[in-house]
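Single-structure report; data block below.
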Amino acid sequence: MLADITPVILTYNEAANIGRSLERLAWARDVVVVDSGSTDETLAIVARFSNVRTVHRPFDTHAQQWRFAVGETGVATDWVLRLDADYMMEPALRDEIAALAPAADLAAYEIAFSYCIDGRPLRASLYPPLPVLFRRGRARFEQDGHTEKLRIDGPVGRLNNRLLHDDRKSLERWLQSQVRYQASEAEKLTMRSWSELGWADRLRCTRVLGPPAVALHCLLLKGLVFDGKAGLLYTAQRVAADLILSMHLLRLDLERAGIGKSSG
């Protein structure tokens, strides 16, 4: 099975992560990295790996970048392993994938994640399982807020082992990213009707209940209070993300109210 898989990774200034990710992909004959203009050491690190080739494309949206990465970079295998630069494949997951014998109609495998803080896996997180391993031609990318969703055409299996999500970029970089990400999320939420929203997004749309609900969910329901400072940091990050989202939602409310008054 491993010989029929091409790992594909998108990068932009991922020097803190990409080397650790590529070290775990030595089994792959061909790894494709699509870079969108990195200015740090990302490309120099990638160049150290003989089984990796780099393709350059300016970034527009995540969905467009992934469509290009999978469909226009010469991927020749039937299966694609879609990775972020901070996804780390452990040997147990590699061995599980190597032993797969998928039925002809199976379109993808869903993989759950162990979220890490500075390399330490947490007991739980809010990061959902994703269809990371999929057949080419049986999946399509759609933009969804600040990121993309992968829609699968056909049955999806579930793997037992997990990917590590281990982002070592700085807190400052994380905060800068969240300002952009949550602006897109706010736009997305305000464009949807109440009936289209899940319970979590309905809480967020109250503008005030999202952050405390996230804190309680992480610390108590997910048990992260028992993960010490690592669990507290993860919880603080998720609360901060929801606070930024609330600020963007309130800003949109005020802007649209102002437009309405001036138009009247």
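Coordinate-derived values only; no laboratory data. Values in this document were obtained by computation on a predicted structure and should not be read as measured data. With ideal geometry, Cβ positions are generated from the backbone for all residues, glycine too; neighbour counts draw on all protein chains shown.
A few comments on the model shown:
- Distance between modelled label sites at Trp199 and His56, nm, 7 Å Cα→Cβ extension: 5.0
- Surface/4 estimate of mean projected area, convex hull on alpha-carbon atoms of segment 212-260, nm²: 3.3
- For the chain, built as a Gaussian network whose Cα springs stay under 10 Å, the top-fluctuating residue of Asp60, Asp35, Asp144: Asp60
- Bridge orientation summary for segment 2-165: considering DSSP beta bridges with both residues in this region, about 45 percent are antiparallel.
- Cα-based values for the chain, radius of gyration first and Dmax second, are 19.7, 66 Å.
- Dipole axis of segment 137-199 (+1 Lys, Arg; -1 Asp, Glu on Cβ), positive-most option in Gln143, Ala186, Leu159: Leu159
- Label zone of Glu90 (point 7 Å out along Cα→Cβ, amide N under 12 Å): in segment 1-42 this covers no residue at all.
- Column: log10 I(q)/I(0), Debye, Cα scatterers of segment 21-167, q = 0.12, 0.15, 0.16, 0.17 Å⁻¹: -0.52, -0.85, -0.98, -1.13
- Computed over neighbours whose Cβ is under 12 Å from that of Leu126, the net charge equals +1, Lys and Arg +1, Asp and Glu -1.
- With helices as the sole contributors, the chain gives -11500 deg cm²/dmol at 222 nm; each DSSP H run of n ≥ 4 counts as -39500 (n - 2.57), and the sum is divided by every residue.
- Chymotrypsin sites (Phe, Trp or Tyr not before Pro) within segment 13-64: DSSP coil, no more than 14 neighbouring Cβ in 10 Å: Phe59
- Listed values for segment 6-23 are Karplus-derived 3J(HN,Hα) couplings in whole Hz (6.51 cos²θ - 1.76 cosθ + 1.60, θ = phi - 60°), namely 10, x, 10, 9, 9, 9, 7, 6, 10, 4, 6, 10, 4, x, 5, 5, 5, 4, and x replaces Gly and Pro.
- Within straight-line cross-link reach of Lys169, aspartates and glutamates at Cα separation under 15 Å, skipping those fewer than 8 residues along the same chain: Glu14, Asp40, Glu41, Asp84, Asp86, Asp118
- Trypsin sites (Lys or Arg not before Pro) restricted to DSSP loop in segment 146-213 with at most 11 other C-beta within 10 Å: Arg192
- Sequence-distant contacts, meaning Cα pairs under 8 Å at least 6 residues apart, place the relative contact order of the chain at 17 percent.
- When segment 171-258 is reduced to its Cα atoms, the Kirkwood hydrodynamic radius in Å: 13.7
- Per residue, the average separation of C-alpha pairs within less than 8 Å and at least 6 apart gives segment 1-66 a relative contact order of 35 percent.
- Per-q log10 I(q)/I(0), segment 106-166, q = 0.15, 0.18, 0.20 Å⁻¹ (Debye; single scatterer per alpha-carbon; no solvent): -0.52, -0.71, -0.83
- Computed on segment 171-258, with alpha-carbon pairs under 8 angstrom and 6+ residues apart, the relative contact order is 37 percent.
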